[in-house]
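Each remark here refers to the structure printed beneath this line.
The values are calculated or read from the model by the stated rules, or taken from the named source; none is laboratory data. Everything numeric here is computed off the predicted structure, so don't read it as measured data. With ideal geometry, Cβ positions are generated from the backbone for all residues, glycine too; neighbour counts draw on all protein chains shown.
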Amino acid sequence: MVPVAMRHALRTIAAIALATATLYATTDWLTGTWRAEVHGEAKTFSVVLHFTYDGKKIGGSFEIPSHDLEFPISRGTVNGNEVSFEAAGPWHGKLEGKELKLTRELDGGKKQQMVAHRTAQ
């Protein structure tokens, strides 16, 4: 028979392992390189998103190659298939199938939208 203290310790270890696996599973779909076309008011341009996860936070970079611009991704969060982050403004959206659909609100209530597709992990 396993002592009560040992059973509690095993349950705690199992709970921590499950929580860790769930955390990695919820961010695994996002990490890697994504490409998209950003559509806004009479403008369309390509972006490259590089998402990273260091075990604590989501980061990476948001590139606009045609303008030779790169912004760091900060304040990244993932909740299931939803993501939000800041890079040249606040973005939010969700993974739908293999598409990452993102939107950001601009001044005056205008919006920019993009649909990103993974190119590499």
All positions within segment 65-79 that are touching a strand residue (DSSP E or B) at 6+ places or on another chain (Cβ under 8 Å) and either over 20 Å from Leu106 (Cα atoms) or without any contact (Cβ under 8 Å) to a residue 24 or more places away in the chain (or both): Pro65, Ser66, His67, Leu69, Glu70, Phe71, Pro72, Ser74, Arg75, Thr77, Val78
Search result, residues across segment 80-113 that are touching a residue at least 40 places away in the same chain (Cβ under 8 Å), within 13 Å of Leu30 (Cβ to Cβ) and of a type outside the set (Gly, Ala, Ser): Asn81, Val83, Leu95, Leu100, Leu102
Restrict the check to segment 48-58 and report whether at least one residue is β-branched (Val, Ile, Thr) and in contact with a helix residue (DSSP H, G or I) (Cβ under 8 Å, 6 or more places away or on another chain). yes
Of the numbered conditions (1) over 12 Å from the mean Cα position of the chain (by Cα); (2) modelled with pLDDT under 90, Ile58 satisfies every one except a single condition; which is it? (1)
Residue list for segment 39-63, filter: charged (D, E, K, R) and not in a loop (DSSP other than H, G, I, E, B): Glu63
Taking segment 64-101 as the search range and keeping residues that are crowded, with 16+ Cβ neighbours inside 10 Å and assigned to a loop (DSSP other than H, G, I, E, B), which one is nearest to the chain's Cα centre (by Cα)? Ile73
